[in-house]
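K.L.:
If you scroll down you'll find the structure; I have some questions about it.
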Amino acid sequence: MILVRESQTAVLERGLDLTDQWATEPFETAWAGEARWFVQFLERGSGSVSLHSQISADGLTWVDHEDAPVSGEAAGILTAPVRDFGHWLRLVVTPAEGTVAPLVRIVLSLKE
Amino acid sequence: MTTPAHPDDTAASLREAIRSSDPHLSKFRPLPRILAHDDFNTGLHGWVELGGNYNGKGEYGSLDRHFRDFRPPQLSTCNFFDVGTHGAMSGTYALKLATRPHPGHTATGIRRLTMSGRGLLQIEAYLAYKAEAVVDPSAENGFGDMEWDGNRHPSEAQFGAFTVATDLCGDDGVRYHTVVRYQNADEDGNMLRQWRYPIVPEPTPREAYEGKVDYPYATDFTAPDPEDWRVYGQPQELCMNEVPTKVNWHYLRWVIDTDKRKNVEVQLNDQLMDWSDVPVPIYEDRYGSLENLLNFYFSVRTLSGQRNFLYLDSVLISADW
């Protein structure tokens, strides 16, 4: 019997109007060995955003992951991989001042 | 060797013997045909966020506002600040439905099947419910009816409700829901501990498309008007176990009859409830694209605004057809 790798794609935001710094809801990821964020701008915005994974041992208190933030224009798709994240994972999206991003989808892709 | 007088009895006895010797199945009482046995140590098993209907362009704006944000289920180890990984009833993982910290918000997990017959249909589950723990020196030490006294904890009053329900359709588009809700507390933290059911069918995206309904974010999608809910029987106290980081698993069993389109009975631990007189409202309009639809969903709704969680250790769906 071929064992396939467990996986989950979770849509954490599907219509976010990004006006201030935003943290996704806590997500339990203990079973996964690797993850990748997809931040899709469904309507073209203006300005730029940075993405930073945060991790937690309890889902209540959060600390930045060691990886450097990923930054880019608020258009198309921004993506960021993350590994060695322990038990809980969330994404903090920080828009630069004056950024417009009215319809943002945030997806977490997890694999064993 | 002699031929049994009643071969069906022998088959039932053999089935019972095999089931009772299986540690995974012996905690259930399935009807003869097991349609699904979901142990979340091996993945999501098709339990997925209830998604709203969208238009042919896939546009976010075409989703009903109260159907846009039912949250993805999580494979959870029941992990908490005070003990770390609690673990599930069987193995490490449970399925967790988690609301946002927003009053009225609902999280759902739905499983989509179809019916290959009519008759008795049963869902069983081992479940636990919690409000999110608080670690904050400035937090209140009481909420509603629950003031911390070493036994009672405000967290218990911060949990709103969990629901198990169906979406069923067949016989030329006759669609209906059966719904069981445990209403633990109201938005002010008054403890209710009531079993409830709605007397209207759930508003559908087609009704919204036709302009008949339009509900805001965090509406109670199952039946938006509180006046459309009825209380069944007397309150039942469950085992929340004092604090939000102790998980005790409860046995739920619910039988419906898809031939008669009726409820049959509900069991939660040692309380067996005759639900045969609980009405099952049917949509007046007929629905296409749903022939033999068989969906079960669980949902959890916070009223306090504290994140509410419903954990499912394992689920078994069985039928007598």
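The values are calculated or read from the model by the stated rules, or taken from the named source; none is laboratory data. Since the structure is predicted, the reported quantities are computational estimates derived from the model, not experimental observations. Quick reminder, even Gly has a Cβ in these numbers, built from the backbone with ideal geometry, and neighbours come from all protein chains shown. We work out accessible area using only protein heavy atoms, side chains counted, and drop any ligands, DNA or RNA first. Shrake-Rupley method; radii C 1.70, N 1.55, O 1.52, S 1.80 Å.
K.L.:
Going by accessible area, probe 1.4 Å, with all protein chains left in place, what is the ranking of B:57, B:262, B:130, largest first?
P.N.:
B:57, B:262, B:130
K.L.:
For the protein assembly as shown, state the average projected area of the convex hull of the C-alpha atoms over all orientations, rounded to one decimal in nm².
P.N.:
That works out to 25.0 nm².
K.L.:
Against the empirical 2.2 N^0.38 Å scaling, what ratio does the C-alpha Rg of the stretch B:258-321 come to?
P.N.:
1.48
K.L.:
Taking θ as phi - 60°, what are the ³J(HN,Hα) couplings along the stretch A:64-80 by the Karplus curve (6.51, -1.76, 1.60), each to the nearest whole Hz, with x for Gly and Pro?
P.N.:
Those phi angles translate into 4, 5, 5, 4, 6, x, 9, 10, x, 5, 7, 7, x, 10, 9, 9, 8 Hz.
K.L.:
Next up: Is there a simple number for the mean count of other chain Cβ atoms within 10 Å of the Cβ of residues in A:103-111, and what is it?
P.N.:
1
K.L.:
Averaged across orientations, what area in nm² does the convex hull of the alpha carbons in the stretch B:21-66 project?
P.N.:
Value for the stretch B:21-66: 5.9 nm².
K.L.:
Please report the net charge: other residues with Cβ closer than 12 Å to the Cβ of residue B:183, K and R +1, D and E -1.
P.N.:
Around residue B:183, the surrounding residues sum to +2.
K.L.:
In µm²/s, what is D for the stretch B:118-242 at 10 °C and 1.306 mPa s, where D = kT/(6 pi eta Rh) by Stokes-Einstein and Rh is the Kirkwood radius from Cα pairs?
P.N.:
Value of D from the Cα-based Kirkwood radius: 93 µm²/s.
K.L.:
What residues have an amide H closer than 5 Å to that of residue B:262, excluding those fewer than 5 places away on the same chain, when H is modeled at 1.01 Å from N in the peptide plane?
P.N.:
The answer is B:257.
K.L.:
Quick check on chain B: helices-only [θ] at 222 nm, where DSSP H runs of length 4 and up contribute -39,500 (n - 2.57) each and the sum goes over total residues. Nearest 500, please.
P.N.:
Theoretical 222 nm ellipticity from helices: -2000 deg cm²/dmol.
K.L.:
Rounded to the nearest 20 Debye, what is the dipole magnitude of the stretch B:36-319 about its Cα centre when Lys and Arg each give +1 and Asp and Glu each give -1 at the C-beta?
P.N.:
Around 680 debye, computed over the stretch B:36-319.
K.L.:
Using protein heavy atoms only (no ligands, DNA or RNA), what is the total accessible area buried between A and B, 1.4 Å probe, nearest 100 Å²?
P.N.:
It comes to approximately 1900 Å² buried between A and B.
K.L.:
Amide H neighbours of residue A:71 under 5 Å, counting only residues 5+ apart in sequence or on other chains, H built in-plane at 1.01 Å?
P.N.:
Placed amide hydrogens put A:51 under 5 Å from residue A:71.
K.L.:
Moving to a separate point now. Count, for each residue of A:51-58, the Cβ atoms from other chains sitting within 10 Å of its Cβ, then give me the mean as a whole number.
P.N.:
Counting other chains' Cβ atoms within 10 Å and averaging over A:51-58 gives 2.
K.L.:
In debye to the nearest 20, how big a dipole does the protein assembly as shown give about its Cα centre with +1 on each Lys and Arg Cβ and -1 on each Asp and Glu Cβ?
P.N.:
In total the dipole reaches around 1020 debye.
K.L.:
While we're on this one: Using a 1.4 angstrom probe on heavy atoms only, work out the carbon and sulfur share of the accessible area of the protein assembly as shown in %.
P.N.:
49
K.L.:
What are the residues whose amide H is under 5 Å from the amide H of residue B:88, where those residues sit 5 or more places off or on another chain and H is modelled from the backbone?
P.N.:
The list, which skips near neighbours in sequence, is B:93.
K.L.:
While we're looking at this one, here's another question. Over all directions, average the projected area of the Cα convex hull of chain A and note it in nm².
P.N.:
7.2
K.L.:
Per residue of the stretch B:255-268, in order, report the coupling 6.51 cos²θ - 1.76 cosθ + 1.60 (Karplus, θ = phi - 60°) as ³J(HN,Hα) in whole Hz, putting x for Gly and Pro.
P.N.:
Values, residue by residue: 10, 10, 10, 7, 6, 8, 6, 9, 6, 10, 7, 10, 10, 10 Hz.
K.L.:
While we're on this one: Across peptide A:3-9, what mean number of C-beta atoms from other chains lies inside 10 Å of a residue's C-beta?
P.N.:
Partner Cβ neighbours, averaged per residue: 2.
K.L.:
On to the next question. Taking a probe of 1.4 Å, how large is the accessible area per residue of chain A, in Å²?
P.N.:
Averaged over the residues of chain A, the accessible area is 50 Å².
K.L.:
What ³J(HN,Hα) values, in whole Hz, does the Karplus curve 6.51 cos²θ - 1.76 cosθ + 1.60 give for the stretch A:12-29 when θ = phi - 60°, with x put for Gly and Pro?
P.N.:
Going residue by residue, I get 8, 9, 10, x, 6, 9, 7, 10, 9, 4, 10, 10, 5, 4, x, 9, 7, 10 Hz, with x marking Gly and Pro.
K.L.:
With every protein chain left in place and a probe of 1.4 Å, what is the accessible surface of residue B:29, to the nearest 10 Å²?
P.N.:
About 130 Å², ignoring ligands and nucleic acids.
K.L.:
Give the Cα extents of the stretch B:36-319 along the principal axes, in whole Å, largest first.
P.N.:
The Cα atoms of the stretch B:36-319 stretch 57, 39, 37 Å along the principal axes, largest first.
K.L.:
What accessible area per residue comes out for the stretch B:36-319, rounded to a whole number of Å², with a 1.4 Å probe?
P.N.:
Ligands and nucleic acids excluded, the result is 39 Å² per residue.
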